[in-house]
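Laboratory data are not the source of any read-out in this text; all were calculated from the coordinates shown. Remember, it's a predicted structure, so these values are computed and weren't measured experimentally. Because the Cβ atoms are built from the backbone with ideal geometry, glycine has one as well, and the counts that use them run over all protein chains shown.
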Amino acid sequence: MEALILLVIGVVALPFLLLASRHDGGKGTGGGASSPRPRRTRCPNCGSPVIDHGSYWECGWCGDYGQN
Ligand SMILES: [Zn+2]
């Protein structure tokens with residue numbers, strides 16, 4: 001039972017840890033948007049063009065979505 005809980009916590013926390021470590025490596029210039037992130041134009045799930053909603057994207061084909 002405890003192993004299952006630990007597994008769930010690990011699965012939930014892993015993406016956050018990956019994101020945090022990715023942001024850590026940048027230069028600490030502190031300011032505005034130095035390098036704009038490339039926006040997703042294709043669905044990673046089915047490869048169809050996605051609809052850009054500004055802060056997030058949505059696939060009109062398979063319904064997948066995510067943050068820009
Ligand atoms: Zn899709």
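Before moving on, here are some points about what is shown:
- Within the shell defined by Cβ-Cβ distances under 15 Å, the residues around GLU58 carry a net charge of +1, with Lys and Arg each +1 and Asp and Glu each -1.
- Vicinal HN-Hα couplings computed from phi for the stretch 51-66 (Karplus, 6.51 cos²θ - 1.76 cosθ + 1.60; Hz; Gly/Pro x): 8, 8, 9, x, 8, 8, 10, 9, 8, x, 8, 10, x, 5, 8, x
- Pair ASP52, TYR65: separation of 7 Å Cα→Cβ label points (nm): 1.8 nm
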